[in-house]
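A short worksheet on the structure shown next.
The values are calculated or read from the model by the stated rules, or taken from the named source; none is laboratory data. Quantities reported herein were computed from a predicted structural model and do not represent experimental measurements. All Cβ positions, even for glycine, are placed from backbone atoms using ideal geometry, and neighbour counts span all protein chains on display. Surface areas here come from the heavy atoms of the whole protein model, side chains and all, with no ligands, DNA or RNA. Shrake-Rupley method; radii C 1.70, N 1.55, O 1.52, S 1.80 Å.
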Amino acid sequence: MKRAAAAAAAKAKQAVTLIRRILTVVVVTAFALWLISATAVLVWSSRDEARPAQAIVVLGAAQYAGKPSPVLRARLDHALELWNRHLASLLILTGGTGSGDTTSEAAVGRTYARKHGVPDSAILVETEGRTTSESMRAVAGMLEVRGLQSALLVSDPFHMLRLRILARRFGFTPYTSPTQTSPISPNREERWKYIFSESIKAPLAFFFERKL
């Protein structure tokens, strides 16, 4: 009986040791993958690939009573700078209508762009997307029906890696160009919060987003 009990105890101890080792490997691997993802987010946040493309795409952000929020305005101003450099002949503005709003982020962006000299004929709006993925999927469709294959993507720096992944997944060639004037960037706490969020969302986009 004592031998059997001792053997059982030894097996239980071995099982616990094995489980601990497996959990350690899982945790270390997960941390390593997250670290790689966070590093990639940081790398792409500092890269500006501005060059001639077939469209400039601005990712939406909040609007307040028909006026762009400081974050959206920073994105729009950067897109207008690229437009004035004649890097594309088409401006695509994205962003749906938030809860309680009466107008979409894209429509607000369109008004802003028109006031700053972009002709209405050169502007397309995507007003249904409530998430980055939805907006990017819609943009891919808008490009495809027009026979266009490349776009300059404009958003905050932390957003660039996921936008690039989504564009590739949805079938068009992306060039990322982050705004440098977003009010989020100087705010260390906010910036790192978004970097952490994107370090999770970017791998999910890589593995699970696909062109329908």
Among VAL25, SER46, GLN14, flag the residue with its Cα farthest along the positive direction of the charge dipole of segment 11-51, charges on Cβ as +1 for Lys/Arg and -1 for Asp/Glu. GLN14
What number, in nm² with one decimal, is the all-direction average of the projected area of the convex hull of the alpha-carbon atoms of segment 6-132? 12.3
So what is log10(I(q)/I(0)) for segment 102-212 at q = 0.11, 0.24 1/Å, when the Debye sum runs over its Cα atoms only? -0.40, -1.45
First measure r as the distance between the Cβ atoms of VAL43 and ILE200, then evaluate 1/(1 + (r/R0)^6) with R0 = 22 Å and state the FRET efficiency to the nearest 0.05. 0.85
For segment 85-212, what is the relative contact order in percent, using Cα pairs closer than 8 Å and at least 6 residues apart in sequence? 20
For GLY98, what residues show an amide H to amide H distance below 5 Å, using hydrogens built from the backbone and excluding near sequence neighbours? GLU105
Taking 35 Å as R0, compute the FRET efficiency from the Cβ-Cβ separation of THR111 and VAL25 and round it to 0.05. 0.05
For segment 96-108, in residue order, the Karplus 3J(HN,Hα) values (coefficients 6.51, -1.76, 1.60; θ = phi - 60°; whole Hz; Gly and Pro = x) are x, 9, x, 4, x, 7, 10, 9, 8, 4, 5, 5, 5
What is the magnitude of the charge dipole of segment 1-118 about its Cα centre, with +1 placed on the Cβ of each Lys and Arg, -1 on the Cβ of each Asp and Glu, and no other charges, expressed in debye to the nearest 20? 920
Segment 44-77 to segment 124-178: how many Å between their Cα centroids? 12
Taking all protein chains in place and a 1.4 Å probe, what share, in percent, of the accessible surface of segment 101-152 do carbon and sulfur account for? 45
Taking Cα atoms only, helix 70-84 is inclined relative to the longest principal axis of the chain by an angle, in degrees rounded to 10, of 60
Quick one: which residues, 5 or more positions from THR173 or on another chain, have an amide H under 5 Å from its amide H? H modelled 1.01 Å from N in the peptide plane, none for Pro or chain starts. SER150, ALA151
From the phi of every residue in segment 32-41, what ³J(HN,Hα) in whole Hz does the Karplus formula 6.51 cos²θ - 1.76 cosθ + 1.60 yield, where θ is phi - 60° and glycine or proline is x? 4, 5, 5, 4, 4, 5, 4, 5, 5, 4
Based solely on its DSSP helices, what 222 nm [θ] is calculated for the chain when runs of n ≥ 4 H residues each add -39,500 (n - 2.57) and the sum is averaged over all residues, nearest 500 deg cm²/dmol? -18500 deg cm²/dmol
Among bridges DSSP assigns within segment 8-125, what percent are antiparallel (round to 5)? 25
For the chain, give the magnitude of the charge dipole about the Cα centre (Cβ charges: +1 Lys/Arg, -1 Asp/Glu; no others), in debye to the nearest 20. 1300
The Cα extents of segment 77-131 along the principal axes, largest first and rounded to whole Å, are 36, 20, 20
GNM, the chain, Cα, under 10 Å: largest mean-square fluctuation among LEU82, LEU18, LEU153? LEU18
Amide H within-cut-off set for VAL125, under 5 Å, with H built and near neighbours excluded: LEU93
Cross-link reach from LYS67 to aspartates and glutamates, straight Cα distance under 13 Å and at least 8 residues apart if same chain, gives ASP101, GLU105
What lysines could a cross-link reach from LYS11, if we take a straight Cα to Cα line under 29 Å and drop same-chain neighbours fewer than 8 places away? LYS2
Peptides 189-200, 105-116, 136-147 ordered by average Cβ neighbours within 10 Å, highest first: 105-116, 136-147, 189-200
Order 67-80, 20-33, 173-186, 39-52 from most to least packed using the mean count of other Cβ atoms within 10 Å. 67-80, 173-186, 39-52, 20-33
Equivalent ellipsoid semi-axes for the chain, as square roots of 5 times the alpha carbon gyration tensor eigenvalues: give them largest first, rounded to whole Å. 45, 17, 16
FRET efficiency, 1/(1 + (r/R0)^6) with R0 22 Å, evaluated for GLU128 and GLU81 via beta carbons: 0.20
